[in-house]
Amino acid sequence: MKRTIQPLLLGALAFAFPLVSVHAAAAAKPTRWSDRATWPGKKLPVAGDKVVIEAGKDVILDVSPPQLNGLTINGKLTFADTADLELTTEWVMIHGELAIGTEAKPHTRKATITLTDNVKEEEMMGMGDRGIMLSGGTLNLHGNVRNAWTKLAKTADAGSTSIEVLNAAEWKVGDEIVLASTDFNPRQAERRTIAAISGNTITLDRKLDYMHFGKVTFDVDERGEVGLLTRNIKIQASADAEQSYFGGHIMAMVTSKMFIEGVELNRMGQHLELARYPFHWHLAGDVTGQYIRNAAIHDTFNRCVTVHGTHNLRVENNVTY
């Protein structure tokens with residue numbers, strides 16, 4: 001009888017400890033990154049540091065810190081929504097939580113995470129290098145864009161400097177858009193910047209090189225899609241990835257959680273590297289409730305969203321180019 005009861009008691013204890021640690025983390029009083037009292041020895045992180053946010057600590061990123069050689073989050077890191085912020089680091093390892101906005105209250109300022117590769121060929125828990133990597137952690141990214149793409153309201157001729165779309169709500173001057181090809185040649189897709197906008201009429205920063213069809217013919221909707229590439233939350237590799245094709249990646253292992261919306265990814269994915277994709281749920285099992293939606297993933301070097309051994313994930317309304 002003892003042989004039967006003992007493992008059950010051990011199992012109960014194993015479940016009890018995480019519950020205690022989660023409860024303790026929830027009770028932690030948030031402290032600011034810029035506050036010396038937040039850090040061991042009251043020393044603010046400096047360039048080249050590998051920073052650790054300990055379990056039970058809740059830190060609010062209220063400044064753009066110097067370039068880091070790594071960031072491990074065992075507790076929680078939240079981007080303040082009071083200023084435009086940038087976090088530049090070799091990698092981020094999440095056992096706790098990284099949060100930018102919430103589902104109920106999306107982030108409104110600009111938040112940029114740039115992944116560098118100055119320290120070559122690091123290997124983080126089997127998840128490689130230059131990534132945001134989750135091992136039992138949570139990634140909450142909630143940007144303020146819900147209108148990810150629309151369609152042309154009428155045909156845009158080659159040489160046009162403006163287009164009319166069905167719905168340009170939330171789009172702004174300075175945003176980058178992409179018009180899908182409506183030809184057999186996919187390379188007729190074109191990127192432009194919004195120079196002016198009035199209702200659903202968009203003035204482009206330069207002329208279109210190609211015609212983009214925008215009609216419903218014989219009850220078939222052949223209107224070309226127009227996608228919005230700009231988001232206020234942006235995750236990217238640094239510019240050197242354009243030469244190396246070794247971009248950043250985001251990878252969630254089993255028991256990890258990702259809730260992603262209104263986010264832009266640029267220069268992500270690692271060319272010819274297995275399992276190094278812009279977004280990657282890796283053998284995560286049943287992830288009911290998790291999602292990626294209204295995102296823009298562009299200029300990647302290895303796929304866009306990879307769902308591997310993962311079930312009940314919602315992938316919705318994203319633009320990939």
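With a 10 Å cut-off between alpha carbons and a GNM built on the chain, which of Ser64, Ser160, Ser256 moves the most?
It is Ser160.
List the residues of the range 153-196 whose backbone N lies under 11 Å from a point placed 7 Å from the Cα of Asp209 along the Cα-to-Cβ direction.
187-191
All other residues with a Cβ under 9 Å from the Cβ of Ala158 taken together, and with Lys, Arg as +1 and Asp, Glu as -1, what is their net charge?
Taking every Cβ under 9 Å from that of Ala158, the sum is -1.
Separation between the Ala169 and Lys29 pseudo-spin-labels, each 7 Å from Cα along Cα→Cβ, expressed in nm?
4.3
Counting other C-beta atoms within 10 Å, and keeping those with at most 15, which DSSP coil trypsin sites (Lys or Arg not before Pro) do you find in the range 106-143?
Those satisfying the criteria are Lys110, Lys120.
At most 10 other C-beta atoms within 10 Å and a DSSP loop state: those are the exposed GluC sites (Glu not before Pro) I care about. Give me the longest piece of the chain that has none.
So the longest stretch without any such site is 124-321.
Give, in nm to one decimal, the length gained when the segment between Asp84 and Ser198 is fully stretched (0.36 nm per residue of separation minus the Cα-Cα distance).
38.4 nm
So what does log10 I(q)/I(0) come out to for the range 73-189 at q = 0.15 Å⁻¹, using the Debye formula with one equal point on every Cα and no solvent?
Per q value, in the given order, log10 I(q)/I(0) is -0.88.
Set the Förster radius R0 to 22 Å, insert the Cβ-Cβ distance between His311 and Arg146 as r into 1/(1 + (r/R0)^6), and round the FRET efficiency to 0.05.
Efficiency computed from Cβ-Cβ geometry: 0.30.
Working from the pairwise distances between different alpha carbons, so that the mean of 1/r is found and then inverted, what is the chain's Kirkwood radius in Å? It would help to have the intermediate numbers written out before the result.
Values: mean 1/r = 0.0468 Å⁻¹.
Taking every pair of different Cα atoms in the chain, averaging 1/r and inverting gives 21.3 Å.
Do any chymotrypsin sites (Phe, Trp or Tyr not before Pro) in the range 146-216 lie in a loop, going by DSSP, with at most 12 other beta-carbon atoms within 10 Å of their beta carbon, and if so which?
Sparse-neighbourhood loop chymotrypsin sites (Phe, Trp or Tyr not before Pro): Phe184.
Given the rule -39500 (n - 2.57) for each run of at least 4 DSSP H residues, summed and divided by the residues of the chain, what is its mean residue ellipticity at 222 nm, to the nearest 500 deg cm²/dmol?
-3000 deg cm²/dmol, from helical runs alone.
Given points 7 Å out from each Cα along the Cα-Cβ axis, report the Thr161 to Asp219 separation in nanometres with one decimal.
Placing both labels 7 Å beyond Cα along the Cβ direction yields 4.2 nm.
Can you give me the Cα centroid spacing of the range 55-125 and the range 197-263 in angstrom?
23
Which residues does the label zone of Tyr321 cover in the range 225-268, counting backbone N under 18 Å from a point 7 Å along Cα→Cβ?
Once the point is set 7 Å along Cα→Cβ of Tyr321, 225-237, 262-268 turn out to lie under 18 Å by backbone N, inside the range 225-268.
Just to verify a number: FRET efficiency for Ala47 and Glu176, C-beta to C-beta distance, R0 = 41 Å, to 0.05?
E between Ala47 and Glu176, to the nearest 0.05, is 0.85.
Mind checking which lysines have their C-alpha under 17 Å from Lys215, skipping anything on the same chain fewer than 8 residues away?
Counting by Cα, and skipping residues close in sequence, Lys215 has these lysines nearby: Lys151, Lys154.
Between Thr255 and Arg187, what FRET efficiency follows from the Cβ-Cβ distance if R0 is 56 Å, with the result rounded to 0.05? Don't skip to the answer; put the middle values down first.
Values: r = 42 Å, r/R0 = 0.75.
Computed FRET efficiency for Thr255 and Arg187 comes out at 0.85.
Which value, in Å³ per residue, describes the convex hull spanned by the Cα atoms of the range 239-321?
Cα-based convex hull of the range 239-321, divided per residue, equals 76 Å³.
Which percent, to the nearest 5, of DSSP beta bridges fully inside the chain are antiparallel?
Once the DSSP bridges in the chain are tallied, antiparallel ones form about 25 percent.
Relative contact order for the chain: what percent, with Cα pairs under 8 Å and sequence separation of 6 or more?
13
Since every read-out is calculated from the coordinates, none of them should be taken as a lab result. Values in this document were obtained by computation on a predicted structure and should not be read as measured data. When we count neighbours, we look across all protein chains shown, and the Cβ atoms used for this are built from the backbone with ideal geometry, even at glycine.
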